[in-house]
Amino acid sequence: AAAAATASVAVARQASTPDTSHYPAPLSPDAKTSGEVTKERFTGTATSGGWSEWTRPALDQCTPEDFMLDFMRFCDSRGDDWEVVWDSLDNSMRRSGRPMDALGFYTEICSRGGFVSRESAKRRIKMPDAFKALHNYYVGHTYTDIGNNMLNTYERYFLPYEKLHPEDVNEEPCIHCKKAHDEQWGGMVACDGCQAWYHHDCCKASALWRRRVEMITSYLCPECSTSEINGTLEVAGADGRPAKKSRVSIEAEKGARMDDYFQRHVHMHLRRGRKYDPNYAKPQR
């Protein structure tokens with residue numbers, strides 16, 4: 001009887017421990033598809049030795065590899081086939097010829113106060129504007145119903161994940177008008193100097209730089225703009241230490257990060273055995 005009881009406890013413990021053997025592995029590069037890309041550049045914070053116990057970094061510190069690993073493990077835990085989910089996301093943006101900018105999409109919606117619900121998102125968030133912040137956007141795109149497309153995609157796949165991570169959602173009010181997301185709708189942007197949040201409508205048009213098509217690539221609030229002109233603007237780096245920056249250097253760093261994140265998405269796409277054609281001709285209106 002004692003042996004039977006011990007066996008029952010062991011079975012119960014085994015059943016309560018999720019089987020993670022089929023989860024997506026940490027997205028370090030594979031020699032067949034990485035080319036000259038270094039391992040250090042394309043490896044997230046998860047490691048092969050303990051990634052099953054790994055937790056995702058804060059969203060503003062999250063790499064595409066980190067996000068996709070955590071997001072796909074979440075989808076799998078809900079009973080969805082993570083490979084099918086990933087393919088569905090990429091297919092929703094297939095006309096762009098690029099893998100879906102999943103991290104950019106999720107981050108963009110969270111920066112606008114989160115999706116919350118379909119009704120709330122339709123009132124507060126202009127999905128075509130959010131689309132412009134993704135590497136899938138291009139001038140003359142043929143997505144005539146991109147708003148509903150993105151609403152459906154987010155509600156189906158990202159909203160449950162957002163609800164599990166309320167810390168990802170920006171609830172900071174606009175420094176200029178002092179209104180929160182539910183009081184003043186529309187996009188928000190953080191100052192690249194002091195990190196304070198502003199509604200797009202509360203910023204001077206000349207202060208929002210759009211160096212990549214229609215994407216807002218950088219913003220400096222009036223105070224930080226004055227500091228930048230005087231050569232005294234200091235911005236905290238990745239190590240937390242302040243360093244003197246100029247508008248040009250901020251643009252260069254952010255542009256390099258955008259390019260790097262896009263290449264990381266492509267790399268993950270190739271590692272999964274999917275094709276990517278850098279010479280793909282995008283359909284135009």
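Per-structure values
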{"read-out": "Cα-based shape type of region 128-171, given that a ≥ b ≥ c are square roots of the gyration tensor eigenvalues and the cut on a/c is 1.5", "value": "prolate"}
{"read-out": "Most to least packed among 71-78, 165-172 [average Cβ atoms within 10 Å]", "value": "71-78, 165-172"}
{"read-out": "Cα-based reach from Lys163 at 21 Å (exclusive), listing lysines while leaving out same-chain residues under 8 positions away", "value": "Lys122, Lys126"}
{"read-out": "Residues of region 71-113: accessible area per residue with a 1.4 Å probe, Å²", "value": "33"}
{"read-out": "Tensor-based shape of region 105-145 (alpha-carbon gyration tensor, a/c under 1.5 rounded, otherwise prolate or oblate)", "value": "oblate"}
{"read-out": "Gyration tensor (alpha-carbon) shape descriptor, region 65-172, a/c threshold 1.5", "value": "oblate"}
{"read-out": "Inter-part distance where region 99-169 and region 249-270 are each reduced to a Cα centre, Å", "value": "20"}
{"read-out": "Nonlocal amide H pairs with Met188, under 5 Å, H built at 1.01 Å", "value": "His200"}
{"read-out": "Straight-distance crosslink candidates among lysines, where the alpha carbon sits under 27 Å from Lys245 and sequence neighbours closer than 8 are dropped", "value": "Lys132, Lys204, Lys254"}
{"read-out": "Net charge over other residues, Cβ less than 11 angstrom from the Cβ of Ile146 (K, R count +1; D, E count -1)", "value": "+1"}
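The values are calculated or read from the model by the stated rules, or taken from the named source; none is laboratory data. If you're wondering where the values come from, they're calculated on a predicted model, not measured in any experiment. Glycine gets a Cβ as well: all are built from the backbone with ideal geometry, and neighbour counts include every protein chain shown. Surface areas here come from the heavy atoms of the whole protein model, side chains and all, with no ligands, DNA or RNA. Shrake-Rupley method; radii C 1.70, N 1.55, O 1.52, S 1.80 Å.
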